[in-house]
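Values quoted throughout were computed directly from the atomic coordinates according to the rules given, and no laboratory measurement underlies them. Everything numeric in this text was worked out from a predicted model, so none of it was measured. Note: ideal-geometry Cβ built from the backbone for every residue, glycine included; neighbour counts use all protein chains shown.
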Amino acid sequence: MAKRNAFRAHLHRKAAGSSADVLEYPEEKPVSRGERHHVTLLAYRDQDNAPTSVQIRVRKGSNDHYYYEQATPTANLIYTWDDEVVLTEGERLQVYFNGATAVDDLEVWLQGWSTEEQS
């Protein structure tokens with residue numbers, strides 16, 4: 001049986017005010033072969049202004065699987081989403097702040113656990 005490794009992550013960036021306002025987990029690269037990440041809680045906010053919407057999705061290659069969309073979230077209010085998302089090889093969780101104002105502080109907090117196949 002694979003060992004569970006708990007994680008907590010904080011993602012932060014200044015908004016560009018464009019379609020580039022996406023925070024991704026894992027940050028460096030998609031989930032590697034033999035790994036599985038279980039995101040069990042996600043929280044997000046635009047600290048400065050109200051974006052048009054925030055979308056939670058999983059991307060694999062150029063394909064997006066949409067999970068949730070919050071229309072017109074209030075500025076500086078932390079929103080939570082607690083449906084589990086399982087990420088497998090080649091996937092990344094994305095939180096897209098649609099219509100964020102340039103230089104807004106965008107934040108995402110995640111917690112969950114991951115496993116690696118045992119050889």
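The table that follows gives values for the structure above.
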{"read-out": "The chain, relative contact order in percent, only Cα pairs under 8 angstrom and at least six apart counted", "value": "48 percent"}
{"read-out": "Placed amide H near LEU41: partners under 5 Å, 5+ positions off or other chain", "value": "GLN111"}
{"read-out": "5 angstrom amide H check on GLY99, placed H, neighbours 5+ away", "value": "THR52"}
{"read-out": "Highest average packing first - 53-59, 33-39, 80-86, Cβ atoms within 10 Å", "value": "53-59, 33-39, 80-86"}
{"read-out": "Inter-part distance where region 82-119 and region 53-67 are each reduced to a Cα centre, Å", "value": "10 Å"}
{"read-out": "Where labels lie 7 Å past Cα in the beta-carbon direction, separation of SER53 and THR88 in nm", "value": "2.7 nm"}
{"read-out": "Karplus (6.51, -1.76, 1.60) ³J(HN,Hα), θ = phi - 60°, over region 104-116, in Hz, Gly and Pro reported as x", "value": "4, 8, 9, 9, 9, 10, 10, 9, x, 8, 9, 9, 10"}
{"read-out": "Phi-based couplings in Hz for region 5-14 (Karplus 6.51, -1.76, 1.60; Gly and Pro marked x)", "value": "10, 6, 9, 9, 9, 10, 10, 8, 7, 8"}
{"read-out": "Residues with amide H under 5 Å from that of TYR67, placed H, sequence gap 5 or more", "value": "ILE56, ARG57, VAL58"}
